[in-house]
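The values are calculated or read from the model by the stated rules, or taken from the named source; none is laboratory data. Everything numeric in this text was worked out from a predicted model, so none of it was measured. Ideal geometry is used to build each Cβ from the backbone, glycine not excepted, and the neighbour counts take in all protein chains shown. Just the protein is used for accessible areas: all its heavy atoms, side chains included, with ligands, DNA and RNA removed. Shrake-Rupley method; radii C 1.70, N 1.55, O 1.52, S 1.80 Å.
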There are 2 protein chains.
Amino acid sequence: MKGIWLEDKQLELKTDLPIPTPPSGESLVRVVRAGICNTDLELLRGYYPYTGILGHEFVGIVEQGPDNLINKRVVGEINAVCGQCRFCRSGIPTHCEQRTVLGIINRNGALAEYLTLPVANLHPVPDNITTDAATFTEPLAAALEIQEQIAIAPEARVLVVGDGKLGQLVAQTLALTGCDLLVIGRHTEKLGKLEPKGIKVGFADLVKPKSFDIAVECTGNPEGFNLALQGLRPRGTLVLKSTYAGKLTLDASALVVDEITVIGSRCGPFAKALELLAKDKVDVTSLIETTYPLEQGLAAFDRAQQRGVLKVLLNMD
Amino acid sequence: MKGIWLEDKQLELKTDLPIPTPPSGESLVRVVRAGICNTDLELLRGYYPYTGILGHEFVGIVEQGPDNLINKRVVGEINAVCGQCRFCRSGIPTHCEQRTVLGIINRNGALAEYLTLPVANLHPVPDNITTDAATFTEPLAAALEIQEQIAIAPEARVLVVGDGKLGQLVAQTLALTGCDLLVIGRHTEKLGKLEPKGIKVGFADLVKPKSFDIAVECTGNPEGFNLALQGLRPRGTLVLKSTYAGKLTLDASALVVDEITVIGSRCGPFAKALELLAKDKVDVTSLIETTYPLEQGLAAFDRAQQRGVLKVLLNMD
């Protein structure tokens, strides 16, 4: 089969990969659509030394698996866990010590014709969600993780820093809480996607220092982090949503003096993401920049790495 | 009067300072004992551009003020607040926008014969607390702030990194919760002060990665921060208790992937600190390295800056 292979920070379109044989408890899924995520781009830059097929955002059709899933459209949670380690037993399986992660840690990913995942990871896609929209389930779930971690009151003043793919999803999901939201970005066109939804947007100069209860950092760069920190009131909460390829240098004394809380935030609830998509509560398809066939996967990565580009999808159909 | 003056990162023993006149609402306090804190040493290194009399840990006698305090021994909260700004009104006066801070921000400090503070900041010292012990009220309150910010369950596995003045107080106060505590330091002698109290102690190699629920960073250096971070389990909490003169460089991706919470922690509850001292629940006087008369304040600072030295006090009596 064909697949986008990462090795030593180099991408290759392989055409002779074996179709995987699902181990016990796993399903074989034929991928029909997949998205390129910033984490894929960070992996390409060496954020984590991964070798294998990239990709963890996908919609597929189950070809081998339990009867109730056969021929169904599915999305899949990306952490394949042991169920037995101390973290699985303590109720945080996404932090399993033995976990493999689709296209990220020791498990071939979704930018290929086929993948395998544990049956327990798969979620059928409701019929009224298009395949394009369902491809956003994983990043949408990641955006929703914020609300799993901290309570967002309607009166909360919330700052989102970043107008890219992640920032857009974070902004839309936070707006659903009714909080007092401001999204800061650098691109008029991207911010323009949020404004018609009634979300306040602007550039960095709009951030009044020490005025927000919660700030969500979605840029992955130190400038974004520092803007989020400056915007927070004393005892405010900074949610760190991006992965960073490099180290982050910060003013730790500011954290101490203002008693700031910083929370790292990763994978989130798929069921809630699918529910939002099924109820059409978030608009994800307007975030699609373009779609390439799998065969043009390398061109798709070139495009995804260009400044200001939103979601690039790959089509395997 | 005499006082230890900081200006342009230089200390001077001034002998011709005017005895301050308390403004309305403030008391004149004759200082009898004061402590040198790491924050004083950081200010000397330029952590914050302060000019004035240093010092914020003290015991004094009220010479001018309300009748119920006259001639009483007192300690004092260090943040003098406006009571009217948005932070005072929202119940976090220690974060007052207009605040002055004793010996730290725009307010002459305690390393002098006299100081003034708002009457509301003063707490009478119970008779059964010695003056030496009461001098630790402020740092002890700061240690107790941790328990104001996060719940520490008896089954919690807690790591304290740092065996210095702050680490010792943090360790003793955390031990009172009955949690499963380990204190990591670099000095056998300092760790030896905690061991007889039934507190587990050791060097960095004793920290099993990803095994603690809570880690408290009390060293103020990046190695300490990274050790605390490595020791934390996924979704663990890192309390940042030290001020840092420089920037802190950290692996932000580790925060995100492990969904770590970092909480900055500053000033704490004086009443609770005095209660612990009155009930003899913590041992602070064994942390006194030595005491100098105010006239030898510069020598006291030289001593306080030596590696491995615990609390240096100044005596104004």
Yes/no for B:D205 being under 30 Å from B:T130 (Cβ atoms) and either hydroxyl-bearing (S, T, Y) or out of contact with any Ser or Thr (no Cβ under 7 Å at 6 or more places or on another chain) (or both): no
Out of A:T243, A:T237, sole residue that is touching an Asp or Glu at 6+ places or on another chain (Cβ under 9 Å) and under 30 Å from A:I129 (Cα atoms): A:T243
Count - residues of the stretch B:1-46 that are among the hydroxyl-bearing types (S, T, Y), within 18 Å of B:T116 (Cβ to Cβ) and surrounded by 12 or more Cβ atoms within 10 Å (Cβ to Cβ): 1
Enumeration of residues in the stretch A:283-303 that are open to solvent by less than 10 Å² (accessible area, probe 1.4 Å) and either over 19 Å from A:V31 (Cβ atoms) or touching a Gly at 6+ places or on another chain (Cβ under 9 Å) (or both): A:L287, A:L294, A:G297
Residue satisfying all of: in the stretch A:24-60; of a type in the set (S, T, Y) and more than 13 Å from the chain's Cα centre (by Cα); farthest from A:E295 (Cα to Cα) among these: A:S24
Qualifying residues in the stretch B:102-120 (those that are closer than 16 Å to B:E26 by Cα and open to solvent by 10 Å² or more (accessible area, probe 1.4 Å)) - the one farthest from the other protein chains (Cβ to nearest Cβ): B:Y114
Filter result for the condition that a residue is under 17 Å from the mean Cα position of the chain (by Cα), farther than 20 Å from B:G164 by Cβ and among the charged types (D, E, K, R), over B:E63, B:E77: B:E77
Residues that are open to solvent by less than 30 Å² (accessible area, probe 1.4 Å) and of a type in the set (F, W, Y), drawn from the stretch A:47-76: A:Y50, A:F58
Close pairs (9 angstrom Cβ cut-off, 6 or more residues apart or separate chains): touching a residue at least 40 places away in the same chain (Cβ under 8 Å) in the stretch B:4-30, open to solvent by 80 Å² or more (accessible area, probe 1.4 Å) and of a type in the set (D, E) anywhere: B:I4/B:E12; B:W5/B:E12; B:L6/B:E12; B:L13/B:E295
The stretch A:90-101, residues that are surrounded by fewer than 21 Cβ atoms within 10 Å (Cβ to Cβ) and under 15 Å from the mean Cα position of the chain (by Cα): A:T94
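Criterion first (open to solvent by 10 Å² or more (accessible area, probe 1.4 Å), closer than 26 Å to B:R235 by Cβ, among the aliphatic types (A, V, I, L, M) and in contact with a Leu (Cβ under 8 Å, 6 or more places away or on another chain)) does B:L144 satisfy it?
Numbers: open to solvent by 10 Å² or more (accessible area, probe 1.4 Å): yes; closer than 26 Å to B:R235 by Cβ: yes; among the aliphatic types (A, V, I, L, M): yes; in contact with a Leu (Cβ under 8 Å, 6 or more places away or on another chain): yes.
Against the criterion (open to solvent by 10 Å² or more (accessible area, probe 1.4 Å), closer than 26 Å to B:R235 by Cβ, among the aliphatic types (A, V, I, L, M) and in contact with a Leu (Cβ under 8 Å, 6 or more places away or on another chain)), B:L144 qualifies.
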Filter result for B:G55 (under 26 Å from B:V125 (Cβ atoms), modelled with pLDDT of 95 or more and out of contact with any Asp or Glu (no Cβ under 8 Å at 6 or more places or on another chain)): no
Residue, farthest from A:L17 (Cα to Cα), within the stretch A:283-317, restricted to residues that are among the basic types (K, R) and not in a helix (DSSP H, G or I): A:R307
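When only residues in the stretch B:152-169 that are among the small types (G, A, S) and buried (at least 24 other Cβ atoms within 10 Å of the Cβ) count, which is nearest to B:C37 (Cα to Cα)?
Within the stretch B:152-169, the subset among the small types (G, A, S) is B:153, B:156, B:162, B:164, B:167.
This time we only want the ones that are buried (at least 24 other Cβ atoms within 10 Å of the Cβ), so: B:162, B:167.
Values: B:G162: 15, B:G167: 12 Å.
Of everything passing the filter in the stretch B:152-169, B:G167 is nearest to B:C37 (Cα to Cα).
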Single residue of B:P124, B:P139 found to be open to solvent by 40 Å² or more (accessible area, probe 1.4 Å) and either under 30 Å from B:V62 (Cβ atoms) or not hydrophobic (A, V, I, L, M, F, W, C) (or both): B:P124
Lone qualifier among B:A215, B:A245, B:A204 - being closer than 19 Å to A:N226 by Cα and either within 12 Å of chain A (Cβ to nearest Cβ) or at pLDDT 95 or above (or both): B:A245
Members of the stretch A:219-239 found to be more than 10 Å from chain B (Cβ to nearest Cβ) and of a type in the set (S, T, N, Q), listed by number: A:T219, A:N221, A:N226, A:Q230
